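A quick write-up on the structure given underneath.
Every number here is computed from the coordinates shown, using simple stated rules; none is lab data. Keep in mind that what you see is a predicted model, and the values were worked out from it rather than measured. We place every Cβ from the backbone using ideal geometry, glycine too, and count neighbours over all the protein chains shown.
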Amino acid sequence: MDYERIGAEDARKLEASEMAKRLVTDLDKGLTGQEASDREKFYGKNTIESKSTPAWLEFLSFFWGPIPWTIEAAAILSALVRHWSDLIIISLLLVFNAVIGFLQRSKAEKAVDALREKLALKALALRDGKWQQVRSADLVPGDMVRIQAGNILPADVKLVDGDFLSVDQSSLTGESMLVMKENGDICYSGVVAKKGSMKGLVYATGRDTYFGKTAELVSEASAKSHFNRAILSIGKALIFISVALAVVLVAVMLIKGSSFLTLLQFALILVVASIPAALPAVLTVIMSRGAVTLAKAKAVVTHLESIEEMAGMDVLCSDKTGTLTRNQLSLSDPYLVEAKDEEELMLAAAVASEDATEDPIDKLMVGAVKDKKSLADLRRNTEHFQPFDPVNKRSEALVDTPEGKELFVKGAPQVIADLMEGKDEEVKRVKDEITELASGGLRTLGVARKQEGSWHFLGLVTITDPLRADARKTIESARNMGVGVKMITGDNVAIARKVGKELGLSKEVFAAGDAFKDVKATDSDTVSADLSGKIARADIFAEVFPEHKYTIVKALQAQGHIVGMTGDGVNDAPALKQADTGIAVKGATDAAQAAAGVVLTSEGIGVVIQTIEEARRIFEKMNSYAIYRITESIRIMFFVVFAMVAFGFYPITAVMIILLALLNDVPIMTLASDNVRVSASPVRWNTKKIIRMAWFIGIFGVFETSGLLLLGRNQFHLDQASLQTLIFLKLAVAGHMTLFVTRTKGRFWKRPYPSAPLLWSAIGTKLVVTLIAGFGFGLVKPLDWWYVGATWAYCFFWMFPLDGIKCWLYRRFEREANPKS
């Protein structure tokens with residue numbers, strides 16, 4: 001069958017029935033699974049494929065950039081001075097870094113693709129005669145879809161049924177105001193539904209959509225985190241220092257009569273060894289591996305910088321339902337007012353609920369009705385349905401009944417009670433009952449009916465949602481990790497206080513409804529110092545509207561806290577975006593997931609605690625790498641320059657420098673799998689502390705290596721070539737011993753022990769270095785095995801005072817941070 005492609009102009013002009021005819025579909029039944037599959041072969045997937053770079057071009061890109069240019073310049077100079085062995089080794093280093101970078105980027109891209117697959121957007125489509133969840137990528141023209149508040153429209157659609165839809169299409173048109181859509185209007189893929197609920201007929205997907213025709217899909221590149229920016233700035237600083245020392249070296253040695261080309265080649269190679277050539281690959285491996293680990297723990301990281309923020313988070317604002325409670329709602333005895341019995345109350349509540357929804361409350365209301373036929377009749381005669389609106393906190397249905405038009409509403413009990421004009425005594429009695437039920441931990445919904453202009457309060461539906469078994473323990477675990485948990489709920493103060501008490505939270509309850517009366521929803525500047533202090537002290541926030549969450553986050557951040565915020569609705573998106581770590585809970589809307597940095601795929605905050613632990617592990621690994629890398633640059637660069645200026649000869653050759661850089665990169669790649677101790681408190685990037693630590697250890701290494709140089713020169717009376725091999729072996733062996741020292745804040749021989757990949761890669765590369773030093777293999781002059789053993793012993797001996805200096809520095813840093821302790 002030949003299918004037709006319909007453009008936006010035709011879609012705007014055509015009646016729904018005519019469009020359905022041209023798309024060969026049924027507005028009431030939708031498509032069958034087989035029809036959708038057949039159409040996909042014609043229209044393609046509902047995705048916009050990015051332009052992929054050929055693998056060979058991707059590989060060549062690793063030979064372009066400041067670091068490759070430096071290595072390539074060294075290779076050219078080696079060829080000019082005919083140092084062929086140097087040329088071969090330098091070329092191997094260049095290719096090795098390119099291969100490692102290419103493989104790690106490919107691995108990271110596969111990991112990110114796997115994570116995105118977990119978050120594939122879903123759509124509610126009419127397939128095989130029933131509404132069901134399907135992947136947005138599987139939609140085809142002719143599909144009927146239901147669009148609800150919080151959805152990101154999955155395709156271009158023509159709205160065919162429903163009252164209205166309020167959408168945010170600023171991402172496509174730049175309009176800042178919400179746009180109202182009605183039957184017959186068209187909506188484009190990518191816009192966000194803010195209010196309302198309508199059905200739409202899909203007329204364009206993938207590249208045929210308005211979005212697909214007007215915008216090229218680009219890979220999302222999150223801004224670098226504070227940690228990455230700090231590491232990269234350190235890298236630039238190391239390059240500057242290395243180049244400055246190289247200039248000094250060249251100037252002094254030229255005065256002493258050295259060959260300019262040979263000296264320039266050596267200086268370039270020395271700079272190559274000092275700059276963090278493996279930095280991008282190491283960070284990629286650590287972060288991508290951490291993201292995959294978090295995904296296995298049911299937390300999908302959508303913005304990698306969120307890992308760092310998670311590690312430093314000290315306040316977690318958690319919603320109650322489904323996170324601290326089971327979200328397994330059950331009904332208790334209702335409180336009847338004007339309803340003649342429980343069935344009448346539940347029937348009215350079900351009519352004011354959606355029939356096709358994942359909302360647990362609506363599902364509970366519909367499931368509680370015994371007379372399904374009466375419910376079906378009322379639904380069939382429903383002229384207008386307004387889904388639950390978080391702003392006015394109610395849903396409603398206008399039904400044409402034999403008695404006339406009746407309006408059924410359900411929602412927040414106080415809101416429904418306030419509709420009862422002229423029934424002050426009844427309203428007071430209902431509100432007293434609401435307070436009484438809330439004090440017992442029961443949540444209530446008000447149900448009312450309007451007939452002939454007169455409101456009738458039918459009664460209160462009472463709902464229980466027990467705490468998750470691990471909720472209290474999880475909050476205690478968070479506190480032990482230095483993270484304060486604040487519960488945020490829309491429930492009234494009485495329920496919030498009762499639940500908070502069961503969770504072990506403080507008794508002080510912050511009533512957001514009253515406190516934020518004079519505060520603009522998105523303007524934290526209107527929060528007074530007194531109010532800001534109350535926000536910081538409170539553990540429980542009650543009567544919270546979604547827009548209040550943004551203000552709470554801003555107020556906490558203004559006091560220096562790193563804030564995590566959980567949410568699930570479209571109105572939670574501003575707070576999730578504003579929070580240092582926005583966490584979309586299981587079942588969150590598309591808009592909430594898009595705004596969040598972490599998306600949970602299981603219920604409860606237990607997974608958040610796991611995520612914090614893993615984030616801190618990742619942070620410690622990156623912290624260890626930073627200290628080690630700066631230390632090595634200081635140790636090698638300062639020692640070589642000192643030795644050449646002081647003694648007038650090359651302490652190591654250019655080939656040795658390249659071999660050091662080549663062999664050191666291998667174990668560093670395994671740092672992502674290392675075992676680290678999880679910090680008991682939030683961790684934040686401290687550039688000053690890391691540089692001080694690296695400087696002390698690095699300068700210690702300069703004195704240590706200089707001591708061996710003097711021993712070899714004055715005591716062992718080695719010739720220059722043998723002395724160079726001795727220093728080469730020492731720098732290689734001591735390098736990874738330094739890594740084992742810096743990888744932990746405690747004694748290096750205590751737990752946590754190095755991971756097997758890190759340990760064996762270090763042993764393997766040191767074995768290669770030892771064999772090169774002992775046999776030469778044409779790369780270096782062979783060294784007597786006695787000197788090889790002595791060098792190993794010398795390096796091992798100095799590990800202990802080096803470790804002592806490290807521990808002393810950490811104790812000093814601790815005293816500086818906590819002078820009164």
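In a DSSP loop and with at most 16 other Cβ atoms within 10 Å, the GluC sites (Glu not before Pro) in the stretch 365-440 are Glu403, Glu421. For Cα extents along the principal axes in Å, pick the label among (i) 112, 71, 42; (ii) 99, 61, 54; (iii) 163, 68, 55 that corresponds to the value derived from the coordinates. Answer label, from the structure shown: (i). For the pair Thr401 and Glu343, a Förster radius of 25 Å applied to the C-beta separation gives a FRET efficiency near 0.95, rounded to the nearest 0.05. Can you grab the distance from the C-alpha centre of the stretch 727-764 to the C-alpha centre of the stretch 628-647, Å, no decimals? Using only Cα atoms to place each centre, the spacing works out to 20 Å.
In the chain, Cα pairs under 8 Å separated by at least six residues give a relative contact order of 12 percent.
Suppose every Lys and Arg Cβ carries +1 and every Asp and Glu Cβ carries -1, with no other charges. What dipole size does the chain come out with about its Cα centre, to the nearest 20 debye?
Details: 96 positive and 95 negative charges, 918 e Å.
Dipole magnitude for the chain comes out near 4400 debye.
Each residue in Thr765, Thr401 was given a count of other beta-carbon atoms within 10 angstrom of its own, and listing them fewest first yields Thr401, Thr765.
If each residue's Cβ is checked for other Cβ atoms within 10 Å, how do Phe728, Phe716 rank with the fewest at the top? Before the final figure, lay out the partial values.
Working: Phe728 26, Phe716 16.
Going from sparsest to densest Cβ surroundings: Phe716, Phe728.
When you filter the trypsin sites (Lys or Arg not before Pro) in the stretch 1-39 for DSSP loop state and at most 16 other Cβ atoms inside 10 Å of their Cβ, you are left with Arg5, Lys29.
Close lysine pairs were tallied over the stretch 330-464: pairs 8 or more places apart or on different chains with Cα atoms under 15 Å apart number 7. Placing dummy labels 7 Å off each Cα toward the beta-carbon, the span from Ser374 to Ala793 is 9.7 nm.
For the residues Arg379, Arg537, what sequence is obtained by ranking on other C-beta atoms within 10 Å, fewest first?
Numbers: Arg379 15, Arg537 10.
Taking fewest neighbouring Cβ atoms as first place, the list is Arg537, Arg379.
Spin-label pair Leu336-Ala536: with each label point 7 Å from Cα along the Cα-Cβ axis, the two points sit 5.3 nm from one another.
Taking a straight Cα-Cα cut-off under 18 Å and skipping sequence neighbours fewer than 8 places away in the same chain, the aspartates and glutamates within cross-link reach of Lys806 are Glu620, Glu632, Glu704, Glu814, Glu816.
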